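The values are calculated or read from the model by the stated rules, or taken from the named source; none is laboratory data. These figures come from a predicted structure and were not determined experimentally. Neighbour counts are summed over all protein chains in view; Cβ atoms, including those assigned to glycine, are modelled from backbone coordinates with ideal geometry. All accessible areas refer to the heavy atoms of the entire protein, side chains included, with ligands and DNA or RNA removed. Shrake-Rupley method; radii C 1.70, N 1.55, O 1.52, S 1.80 Å.
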Amino acid sequence: GEKVEWWMLSDEEAAYLSSAFPAGQESLDHMMLQCPECKSVNFPGTEQSLVVNRDGKMTSMSGSVMQEEDYRAVTRHVHNSCSNLPLTKVPVRLTSEECATAARLVTSTPEAEEGGDEAPRAGERGFQFVNAPHGLYPAPFQEATAATVLPHFRFVGRLLAKALLDQRNLDLPLSQALLRTLVGQKLCFQDLAAVDPTLFATLAKMKAVAAEATAGAPVLIDGCPVEDLCLDMTLPGYPDIELVPGGKSVAVSAENLADYVEKVASHVLVDGVARQVAELTAGFNQVFPIEHLAVFTAEELELHIRGDVTAWDLETVRASIQPDHGYTESSLPVVWLGKYMASM
């Protein structure tokens, strides 16, 4: 009976197969190359045309005999784990219609990702990467996501403790506010600047205005009465998180502005992240007691977690480079290298 098997064919290889098929021919006796491990295929040829199978030899249109090892390095494999084994020669008869069809349909066939051991890219398979320029800090807790979020914090706690115990660095840029929490320090209003500088600046302005307000006088923020800002007693950015019972229907006014500022800051820093911090602490305690971190400052703990993360400036890079072999500090390649390394 007939044997049917998959060919692992990349988009680029399918496009080349169609473009390199000899013009004016309906069929071609060809020698395909295939990885014996992942079944990825390569249709060898030159810039002008596919090779021809002549007595089992891969022969170019000009008559040159091509070798399998010439194509081994350029064959695209599904798996990075494939060893450098010789590619298997498979004699096939190709038709121009089949090659054109393969190039047209390859993008709609089942996909096998090249480099299957690699981590998914952002946006793929439901993964998302977070950009936290001021360091990682828990977002305000929402009950709807508890089942998926809280186990992650327990895992991070175990990871941190194990890394510290084994003296291994983690590329985990925690916020200074979270580091202070881990070493047992109490957070205050000023710590909000390390979590959300924009929110801190706004609340600090409101706090100053509320402190200077006099009874009966309008409270203005940037020249606008606070009542005209249409704020209610919910957490900014989280309309379903109420700061007081029925907060959605409680407007922020001159009378409760100070209370609003205090509750927002407290919820972002403490109350709204208490469940996540508790899970992180519980995970940490499974390895060794988190109270032992009290001997460190937040800065010292970050050094133990991440190692030295001091940014390279241009002068530091220049002082570390010793030009040689005809190069000097003013040579353009040396200058470019320094600028590039300092920008990383």
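Summary table below
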{"quantity": "In the range 88-119, the residues that are at pLDDT 80 or above, of a type in the set (V, I, T) and touching a helix residue (DSSP H, G or I) at 6+ places or on another chain (Cβ under 7 Å)", "calculated": "none"}
{"quantity": "The range 297-344: number of residues that are within 30 Å of L187 (Cα to Cα), open to solvent by 50 Å² or more (accessible area, probe 1.4 Å) and among the charged types (D, E, K, R)", "calculated": "4"}
{"quantity": "Identity of the residue in the range 155-194, of a type in the set (D, E, K, R) and not in a helix (DSSP H, G or I), that ends up nearest to T281 (Cα to Cα)", "calculated": "K186"}
{"quantity": "Inter-residue pairs, beta-carbon under 9 Å, first at positive phi and in the range 290-302, second in a helix (DSSP H, G or I), 6+ apart", "calculated": "none"}
{"quantity": "Leading residue by the ranking (least open to solvent (accessible area, probe 1.4 Å)) among those in the range 17-39 that are of a type in the set (S, T, N, Q) and at pLDDT 85 or above", "calculated": "Q34"}
{"quantity": "Qualifying residues in the range 131-154 (those that are in a helix (DSSP H, G or I) and touching a helix residue (DSSP H, G or I) at 6+ places or on another chain (Cβ under 6 Å)) - the one most open to solvent (accessible area, probe 1.4 Å)", "calculated": "R154"}
{"quantity": "I241 being touching a strand residue (DSSP E or B) at 6+ places or on another chain (Cβ under 7 Å) and either over 20 Å from A193 (Cβ atoms) or open to solvent by 50 Å² or more (accessible area, probe 1.4 Å) (or both)", "calculated": "yes"}
{"quantity": "Residue count, the range 221-234 (criterion: in contact with a helix residue (DSSP H, G or I) (Cβ under 7 Å, 6 or more places away or on another chain) and under 10 Å from A254 (Cα atoms))", "calculated": "1"}
{"quantity": "Leading residue by the ranking (least open to solvent (accessible area, probe 1.4 Å)) among those in the range 174-212 that are closer than 19 Å to A278 by Cα and basic (K, R)", "calculated": "R180"}
{"quantity": "Candidates D171, D166 - the one that is free of Cβ contacts under 8 Å to residues at least 24 places away in the same chain, of a type in the set (D, E) and either farther than 15 Å from V261 by Cβ or crowded, with 17+ Cβ neighbours inside 10 Å (or both)", "calculated": "D166"}
{"quantity": "Qualifying residue in the range 279-292 (condition: touching an Asp or Glu at 6+ places or on another chain (Cβ under 8 Å), open to solvent by 40 Å² or more (accessible area, probe 1.4 Å) and within 23 Å of P140 (Cα to Cα))", "calculated": "no"}
